[in-house]
Amino acid sequence: MNNDFLAMNQSSTALVARGAFFQPGVSNPVLDASSPQMVDALFATSMGSPTGAGTGLAISTASDNAALAAAAAGSAGQVASLVAPARYLLTDGESTYFRNLPLAQLEMNELSGLLDGRKSYKRRVFEEARALLEQHPDLADVPLCVDLKPAGEGKCLQIERPEGHGVVAALNKASSTTAPQAYIPSIRRKHALVIGLNQYHDKRIPQLFSAVPDAQAMRDTLAGQLGYEVTLLENPGKSELLAQLNRVSQDIGADDSLVVYFAGHGELIEKTGMGYWIPADASATDPRGWVSNADVSRWLAGVRSRQVVLISDSCYSGTFAKGLALDAPVKTNEALSETLLRKRTVTVMSSGSDEPVADTGNQGHSVFAWSLLEQLRQLDRWTVGQSVFAKVQVTVERELPQSPQYAASLEAGHELGGDFLFERRSKSGVKP
């Protein structure tokens with residue numbers, strides 16, 4: 001499958017699907033998948049598993065549409081809204097994709113039905129893995145690192161406690177770089193790990209197409225307007241993702257600022273309340289290749305930085321934000337920033353609470369990502385995370401039936417009274 005398979009007509013909500021039998025850069029016939037008739041024709045093809053065997057997820061617009069719509073009916077007592085999969089899915093005969101949602105054309109109840117339909121479809125795809133995690137919630141967890149080699153290979157999780165204890169404590173050095181002309185010079189270096197996942201090797205997993213563009217735009221904004229040194233991971237597997245987390249643990253200093261941004265599939269096991277990220281090489285049926293929120297929380301607890309924020313734009317990302325809600329200060333000034341920096345801050349901003357989220361909204365970006373990017377680009381000097389979040393929340397809740405969350409992670413070591421500081425800065429450390 002080539003990467004040139006989806007394009008968006010910016011003047012409409014139409015999507016174009018290009019299958020593997022098209023040649024990028026060559027004049028090809030186009031399948032306009034904006035019409036139900038074309039989607040129905042595409043859905044006449046079954047989805048195959050990575051091994052070529054049938055998955056039981058063959059899609060047709062007759063029997064399976066009715067089955068999927070019934071599965072999306074919701075809990076007992078709710079009025080069922082029959083939602084045809086053609087309204088939220090695309091297929092090229094090999095992979096299935098979650099399509100753009102035409103927000104401007106949908107009432108909120110229609111949008112809720114589409115998101116519920118997507119949720120039901122994903123539950124079918126992950127049914128076997130979900131059953132395993134209900135019985136064994138720690139199947140996706142990895143061991144803690146005891147030496148550097150497996151840490152670099154992403155085979156374990158490196159925990160570096162803020163006190164300086166751990167397998168690489170000797171390698172963690174506070175940065176000698178200062179930013180005397182920055183708005184908050186006490187923040188020395190600024191690091192960001194940005195992760196975007198569109199493509200999944202297991203073709204049973206619905207492919208996305210806004211997560212990577214969201215991550216790329218976030219990289220550009222964090223680097224260009226906020227002065228972060230950004231590492232971008234596009235479609236990483238589990239080992240690559242964990243290896244990069246471990247590198248951050250080695251490089252970060254106590255006076256550094258850290259942003260971790262994730263966009264991609266997430267899954268929640270309601271029975272246990274545990275959430276998981278789905279990396280590119282994950283299996284739909286074997287959850288050992290997933291990344292547990294428990295491991296990410298353990299990693300956050302060990303990061304040495306006193307300024308940490310995790311931003312998660314994925315389904316059920318609200319499982320990260322089950323901590324203490326934060327209030328915005330009455331005003332911001334230099335004294336407040338120094339007060340906040342004396343406390344260890346670990347906050348989580350998520351695109352939704354425990355509901356599935358829409359992955360595409362404004363100009364090809366998710367509504368959450370677009371709203372956050374706009375707030376960061378408009379940042380004047382600096383502000384606290386709660387102030388940024390409050391504006392993002394208003395925009396998202398106006399357009400979508402989802403509720404972004406912002407909270408302090410006490411289990412990751414957040415100290416009461418702290419908040420993350422978003423500061424405008426050039427990479428040279430001078431005021432932009």
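Sorting the segments 395-407, 194-206 by their residues' average number of neighbouring beta-carbon atoms within 10 angstrom, most packed first, yields 194-206, 395-407. Enumerate the amide H contacts of residue 261 below 5 Å, restricted to partners 5 or more residues apart or on another chain; note that Pro and chain-start residues carry no placed amide H. It is 193, 194, 195, 311, by chain and number.
The phi torsions of the range 303-310, fed into the Karplus equation with coefficients 6.51, -1.76 and 1.60 and a -60° offset, translate into couplings of 5, 6, 4, 8, 10, 9, 9, 9 Hz, rounded to whole numbers, with Gly and Pro shown as x.
Read the figures in this text as sums done on the coordinates, not as results from a lab. Treat the numbers as computed from the prediction; the structure is a model and nothing was measured. Reconstructed Cβ throughout: ideal geometry from the backbone, glycine too, with neighbour counts over all protein chains shown.
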